[in-house]
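Encoded as structure tokens, the structure appears first; notes follow it.
The values are calculated or read from the model by the stated rules, or taken from the named source; none is laboratory data. Computed from a predicted structure; not experimentally measured. Note that we place each Cβ from the backbone using ideal geometry, even for glycine, and neighbour counts take in every protein chain shown. Keep in mind that these areas ignore ligands, DNA and RNA; they rest on the heavy atoms of the full protein, side chains included. Shrake-Rupley method; radii C 1.70, N 1.55, O 1.52, S 1.80 Å.
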Amino acid sequence: MGPTGCIKAIRRCVLTASRAVRDPALREQLVSGLCAMTLCGERVDGRELLEVERFAEALGARPPAVRQLHRLYERRLLLLRIDISRGASI
């Protein structure tokens, strides 16, 4: 599935998930899973990153994976490595 297919799938899930999922830990898990799905392609697409941001905002969750995805998209690989090695505490 290319970026366009992923974006359509994300948009369908956002409203349903934001209404159905109340547990903050589960909301973070969903956003982290979406970040992992975004990494399935050859590179992080800017449109996918925007949809991840929207999904995270709709759920009110921003796990470290979102920040790490931004660093990967911006090619800030040293910061990404440090972030991951410190357990995302930067």
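How large, in Å, is segment 20-90 by the Kirkwood hydrodynamic radius built from its alpha-carbon pairs? Let's see the in-between values first.
Numbers: mean 1/r = 0.0808 Å⁻¹.
Across segment 20-90, the inverse of the average 1/r is 12.4 Å.
If I stretch the segment between LEU78 and GLU53 completely, what's the gain in nm (0.36 nm per residue apart, minus their alpha carbon distance), one decimal? Let's see the in-between values first.
On the way: separation 25, 0.36 × 25 = 9.00 nm, distance 2.22 nm.
Difference between extended and current length: 6.8 nm.
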For segment 21-28, in order, what is each residue's ³J(HN,Hα) by Karplus, 6.51 cos²θ - 1.76 cosθ + 1.60 with θ = phi - 60°, in whole Hz (x at glycine and Pro)? 9, 9, 6, x, 5, 5, 4, 5
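With a cap of 12 neighbouring Cβ atoms within 10 Å, and only residues DSSP puts in a loop, list the GluC sites (Glu not before Pro) found in segment 22-90.
GLU42, GLU74
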With a Förster radius of 30 Å, plug the Cβ-Cβ distance of GLU42 and ALA20 into 1/(1 + (r/R0)^6) and report the FRET value to the nearest 0.05. 0.40
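Just to confirm, what accessible area per residue do you get for segment 16-90 at 1.4 Å probe, in whole Å²? Before the final figure, lay out the partial values.
Numbers: 4840 Å² over 75 residues.
The answer is 65 Å² per residue.
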